[in-house]
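Asker: Below: one structure in structure tokens.
The values are calculated or read from the model by the stated rules, or taken from the named source; none is laboratory data. No experiment lies behind these values; they were computed from the predicted model shown. Positions of Cβ are generated from backbone atoms using ideal geometry, with glycine treated the same way; all protein chains shown enter the neighbour counts.
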Amino acid sequence: MLPPLKALPVFEAVARLNSFSRAATELNVSQSAISHQIRVLEDYLGESLFQRQGRYLALTQEGKNYLDVVSSSLSHIARASNQIRGEEDTKIRIAVYSSFAVCWLMPRLSDLQHKHPNLDITITMTHGSPELSDKTADCFITTDTEKRGFEYQLLYKETLFPVCSHAFYEQIKNTLNVTSDELSKRLKDEPELLENFPLITSNGIYNEYTEDWRSWFLERGIPLSNNIKFHKFSHLILAYEAAKYSLGIALVNDYMFSDKDTHSALVRLPSHRIYTNDHFFFSYKTSRRNETAIKALKQWILNEASSLNTLA
């Protein structure tokens, strides 16, 4: 048996706006009408959907679970109705890791706009893995492949390699008294030479400072020295910026640094790279795979990302 259908968009609005009064304004009804519909729905379900303490309003656990289903269902109904009416939905929201958004997606948005001028895209940056849910976004860049009902298109298998600024690169050559060709040969044979220079570490990937460099050295059977000077940053973007401003040598990945970018502020040092355990995917609900906006964005991102794994 279906619940009282008039109450569902009211519940979604209150939950999304976290306010009875703002929901009333959006739906152009009185606040008492909003309260009545929520009470009708709670009576039908036999559960409280909101916790109310004075001005404080929050979803209960039952409310959170119910919102995910209701929000998704209402979105499906709206999109299906628009398609029948011949109204193509070009609005799309994508949730992206902050480093991926800033370093890879932003520089390419003008190309996306040129190729898909009608696409109305909203970008949300996330520090950790975004919650795969319609209430978060329509599609995602994620390393999480555990959510049922979603499709995943592989974009990139993450690797890390050392980079530094052009000025710091010259400092390395001068300190070691070598040419660029000689430095290339020596670093391939003796990666431990980097222990003589400040190294930049972040804890965003390995969740612990210096573990990125420990893994890099161990790839060549070299234990991490206790004498290395480290600059520590909480995020890979900060490590990238620190390297750009000549604080030392950082480990970055392909989407933050392109060998084809002749204007890059960083120089890739001629040495080995390591694979992390992270694979990046473009993800979206399987039930939404035929939507015009998702199909357009997916094809564009896959085309743009095709060069990432060719750099290894």
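Asker: Would you check if Ser35 is over 28 Å from Lys244 (Cα atoms), out of contact with any Pro (no Cβ under 8 Å at 6 or more places or on another chain), modelled with pLDDT under 85 and of a type in the set (Gly, Ala, Ser)?
Answerer: So Ser35 does not fit the description; no.
Asker: Of the residues in region 192-209, how many are more than 17 Å from Phe168 (Cβ to Cβ) and either crowded, with 17+ Cβ neighbours inside 10 Å or basic (Lys, Arg) (or both)?
Answerer: 5
Asker: Give just the number: which of (1) in contact with a strand residue (DSSP E or B) (Cβ under 7 Å, 6 or more places away or on another chain); (2) surrounded by 14 or more Cβ atoms within 10 Å (Cβ to Cβ) does Lys91 not satisfy?
Answerer: (2)
Residue-wise test of (1) touching a Cys at 6+ places or on another chain (Cβ under 6 Å); (2) surrounded by 20 or more Cβ atoms within 10 Å (Cβ to Cβ); (3) modelled with pLDDT of 95 or more; (4) closer than 28 Å to Glu195 by Cα.
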| position | (1), (2), (3), (4) |
| --- | --- |
| Gly248 | no, yes, yes, yes |
| Leu251 | no, yes, yes, yes |
| Ser258 | no, no, no, yes |
| His263 | no, no, no, yes |
| Pro270 | no, no, no, yes |
| Ser287 | no, no, no, no |
| Thr292 | no, no, no, no |
| Ser306 | no, no, no, no |
| Ala312 | no, no, no, yes |
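Asker: Here's something else I'd like to know. Look through region 1-41, keep the residues that are in a helix (DSSP H, G or I) and more than 36 Å from the chain's Cα centre (by Cα), and return whichever of them is farthest from Ser133 (Cα to Cα). Outline the logic, then answer.
Answerer: Step one: filter region 1-41 for residues in a helix (DSSP H, G or I), giving 7-17, 20-27, 31-41.
Filter again for more than 36 Å from the chain's Cα centre (by Cα), leaving 31-33, 35-37, 39-40.
Values: Gln31: 28, Ser32: 30, Ala33: 29, Ser35: 26, His36: 28, Gln37: 25, Arg39: 26, Val40: 26 Å.
Among them, the one singled out is Ser32.
Asker: May I ask you to say which residue of Asn207, Asn253, Asn203 is in contact (Cβ under 8 Å) with a residue 60 or more places away in the chain, out of contact with any helix residue (DSSP H, G or I) (no Cβ under 7 Å at 6 or more places or on another chain) and within 30 Å of Ser98 (Cα to Cα)?
Answerer: The conditions single out Asn253.
Asker: Tally the residues that are closer than 26 Å to His235 by Cβ and not aliphatic (A, V, I, L, M), restricting the search to region 114-134.
Answerer: Residues in region 114-134 being closer than 26 Å to His235 by Cβ and not aliphatic (A, V, I, L, M): 9 in total.
Asker: Considering only region 1-16, state which residues are surrounded by fewer than 16 Cβ atoms within 10 Å (Cβ to Cβ), more than 13 Å from Gly63 (Cβ to Cβ) and touching a helix residue (DSSP H, G or I) at 6+ places or on another chain (Cβ under 8 Å).
Answerer: Pro3, Pro4, Lys6
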